[in-house]
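Worksheet: one structure, shown below.
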């Protein structure tokens, strides 16, 4: 058994592919590539391919992480080349490495920080944008409405935003960098953060690109404590 | 291909990957290096259309030619349609992203009547005038085919030419005729097409009416008096696509489709497919094994579905399954029989297939009494059915499906009540075999369709049972079936009524289809989209009596709107079968019994 970790780019027509469909496309690509996939046990064996956090439909990425388990060891570079020859347009393995067998299994579920580059086109006012970003970061709380099971719920997204910078801004265009925490109890969606700083369709056209995905290194318990520290001091005088 | 205008619209619609192209095995050919450009459309969503074998076959054949290209077009869902109309975005073909109107040929597959408004909508979204007569040399030729063209008359006003029958050979002849007629104009091209066997150019035929009835159909300009459908003689070596496009989305049939057999000779009298795709033909085990291997390697799918009207009818089915299991089961590839007439033999087959994964089992006795099953020529023996269902329960299935049809010719209340009895017997058998432990998991899904009289079948002369009477029979059956674990599903009477009116319609029905489309009818095949009130309004506004088409018993000597179109089976054969139905007489399957002289093949009367 060998774990191959892949960093996958998603773009072109494939940016509209949902996460579930992406996983199926990778699985079929791996079959076409003739990789010796390891399968789950049981009545309905499935190839063991896991992924980190799902990317929103419509976003592009250079940082999707996949772990493919192989029944026999293979050269990761060969796995990368064979997969790239078998994946549909817009999906490309940028890097592949073998996770050392002597270590614990690659914990793809612990990838809990995502970084995005967001390009905005529309009536951008650089000064106002700078202020909106500063105000957002200043605040402890920013509530957005989410609909779940036909019921509206208020969610504070501020604690999940680790960083938000304006990299470029001019009259019709701005580029932002956003780092969010994919915490065990929730996260902030890019469109919610943008809405918080006054950027929303249809006036603005937004291109979201995931640039990195990594692990904070906090365990579940630590993460929870950290979240509690970050939550607004609502009861404070 | 996604261009900028599409990129603006796609974030606003559901399931955008329906519209993006970029799937594995999609073919991209340069438009400036190819003489004949074909847009192949399926008038339903991507998920339904991508499951359609006919489209895959034509796509493959055309793209294999150096002088032609084919691209795919599906009906945009209503959310995208609204965006397209607002942004004045014309219908495009997926691969190149180019507008459909820039193509030479716009081919539309017609799976059945309930897609007709979607077909009109495709023409309109492409920016083409709906009426064939209003289109000019600048527009692509619009050619339609498929089972929905068995009686193409209701669409005669909108479609330039119809293909009757199987497309593998005729598509090549059409492509060549269009290349030869290049630059000679629409009229000349259509006349050239009309000379190809199996191609029906409706504008070359004059229809005379006698009141509401069709009196005669007269060809002009040398068009043939009778257009005969095409049939592939050498089915085993007919082209078959192995590099099938692999969708990102989960489609209806998301797997390798392997057509092992075409046609059926059992002769159920209500079944149009069983009449118009005669004779029954098979592919050889050797060839199928080779196709399956190539297709699995080329697609990465983990399931091979053996497609046939009734897969167990293949004379070598066991050898085929053994061979495919030996070659593919070790790689985790599942083999399935999506459509089979379930009997004890096929339960045994299904049981062997379930070594990899277990699908559902469907039994389709259609009718409740032996008398009616004889009348429809589907003599499913009650004891055999119970034995087969019992075998399924014994082999570990807890869940089976039963298919029935209500409103069949000669049906009485007694026949309806017998359906309830039959369900109860299967249910009792299930409980007995499953025992106290598994009894709670017993599920019997009962689907009850409404009979729709279809052209080119022995039942084409019978009217559909009128709406209220049909609903009363459905209610009668529902009231008699209250069993734990039995779920019942009925086809609504209203869509069945529209389907019947369209299926037996003449050219005048086209005006009602157009009106229904104008009133907003789309996706009529989708229960939640179908709107009966709009269809009633459309027929009424066009001064047409839908009941005349849907519910009337047509006298045997009356000319039919489709009499000038032959699907092989002769009118005499259909008439003989209609009389046999009234007498409750069975007609043999010609693969096992004597020739029935149906007219569909050359060996009529032999042996």
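This table checks each residue for (1) assigned by TED's automatic domain parsing to the domain that holds residue B:148; (2) touching a helix residue (DSSP H, G or I) at 6+ places or on another chain (Cβ under 8 Å); (3) assigned to a loop (DSSP other than H, G, I, E, B).
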position: B:539; (1), (2), (3): no, yes, no
position: B:554; (1), (2), (3): no, no, yes
position: B:593; (1), (2), (3): no, no, yes
position: B:597; (1), (2), (3): no, yes, yes
position: B:601; (1), (2), (3): no, no, yes
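Rundown of residues vs (1) touching a helix residue (DSSP H, G or I) at 6+ places or on another chain (Cβ under 6 Å); (2) surrounded by fewer than 21 Cβ atoms within 10 Å (Cβ to Cβ); (3) under 20 Å from residue A:15 (Cβ atoms), yes/no style:
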| residue | (1), (2), (3) |
| --- | --- |
| B:8 | no, yes, yes |
| B:19 | no, no, yes |
| B:29 | no, yes, no |
| B:33 | no, yes, no |
| B:42 | yes, no, no |
| B:49 | no, no, no |
| B:60 | no, yes, no |
| B:70 | yes, no, no |
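So which residues in region A:78-105 are away from chain B (no Cβ under 14 Å), outside any helix (DSSP H, G or I) and crowded, with 19+ Cβ neighbours inside 10 Å?
Passing the criteria: A:93, A:96.
Could we say that residue B:512 is part of a strand (DSSP E or B), closer than 30 Å to residue B:120 by Cβ and not assigned by TED's automatic domain parsing to the domain that holds residue B:114 here?
Taking the combined requirement at face value, the residue does not satisfy it.
Which strands (runs of 3 or more DSSP E) does region A:108-184 wholly contain that include 2 or more residues that are free of Cβ contacts under 8 Å to residues at least 12 places away in the same chain?
A:143-148, A:151-156
Give me the residue from region B:154-188 that is without any contact (Cβ under 8 Å) to a residue 12 or more places away in the chain and part of a helix (DSSP H, G or I) and, out of that set, nearest to residue B:37 (Cα to Cα).
B:176
Answer yes or no: is there a residue in region B:297-307 that is away from chain A (no Cβ under 14 Å), at pLDDT below 95 and touching a helix residue (DSSP H, G or I) at 6+ places or on another chain (Cβ under 7 Å).
yes
In region A:27-57, which residue that is under 17 Å from the mean Cα position of the chain (by Cα) and within 11 Å of another protein chain (Cβ to nearest Cβ) is nearest to residue A:189 (Cα to Cα)?
Only one residue fits best here, namely A:56.
Tell me, yes or no, whether region A:150-160 has at least one residue that is assigned by TED's automatic domain parsing to the domain that holds residue A:199, in contact with a helix residue (DSSP H, G or I) (Cβ under 7 Å, 6 or more places away or on another chain) and within 28 Å of residue A:191 (Cα to Cα).
There is at least one residue in region A:150-160 that is assigned by TED's automatic domain parsing to the domain that holds residue A:199, in contact with a helix residue (DSSP H, G or I) (Cβ under 7 Å, 6 or more places away or on another chain) and within 28 Å of residue A:191 (Cα to Cα).
Just need a number here: residues in region B:391-403 that are surrounded by 22 or more Cβ atoms within 10 Å (Cβ to Cβ) and within 27 Å of residue B:270 (Cβ to Cβ).
3
Out of region B:274-291, which residues are in contact with a helix residue (DSSP H, G or I) (Cβ under 7 Å, 6 or more places away or on another chain) and either within 14 Å of another protein chain (Cβ to nearest Cβ) or surrounded by fewer than 23 Cβ atoms within 10 Å (Cβ to Cβ) (or both)?
Hits for region B:274-291 are B:285, B:289.
Spot the failing condition for residue A:60; the list is (1) surrounded by fewer than 21 Cβ atoms within 10 Å (Cβ to Cβ); (2) more than 14 Å from chain B (Cβ to nearest Cβ); (3) touching a helix residue (DSSP H, G or I) at 6+ places or on another chain (Cβ under 6 Å); (4) modelled with pLDDT of 95 or more, and only one is missed.
Of the numbered conditions (1) surrounded by fewer than 21 Cβ atoms within 10 Å (Cβ to Cβ); (2) more than 14 Å from chain B (Cβ to nearest Cβ); (3) touching a helix residue (DSSP H, G or I) at 6+ places or on another chain (Cβ under 6 Å); (4) modelled with pLDDT of 95 or more, the odd one out for residue A:60 is (2).
Quick one: which of B:298, B:305 is crowded, with 17+ Cβ neighbours inside 10 Å, touching a strand residue (DSSP E or B) at 6+ places or on another chain (Cβ under 8 Å) and in contact (Cβ under 8 Å) with a residue 24 or more places away in the chain?
The unique qualifying residue is B:305.
Residues B:563, B:524: which one is part of a loop (DSSP other than H, G, I, E, B) and crowded, with 22+ Cβ neighbours inside 10 Å?
Exactly one residue qualifies, and that residue is B:524.
Against the condition out of contact with any strand residue (DSSP E or B) (no Cβ under 6 Å at 6 or more places or on another chain), within 14 Å of another protein chain (Cβ to nearest Cβ) and modelled with pLDDT of 95 or more, how does residue B:250 come out, does it pass?
Here the answer is no, as residue B:250 does not meet what is asked.
If you go through region A:185-203 one residue at a time, how many are farther than 18 Å from residue A:57 by Cβ and outside any strand (DSSP E or B)?
Here the count works out to 6.
The values are calculated or read from the model by the stated rules, or taken from the named source; none is laboratory data. In this text the structure is predicted, and so the values were computed from the model without any measurement. Ideal geometry is used to build each Cβ from the backbone, glycine not excepted, and the neighbour counts take in all protein chains shown.
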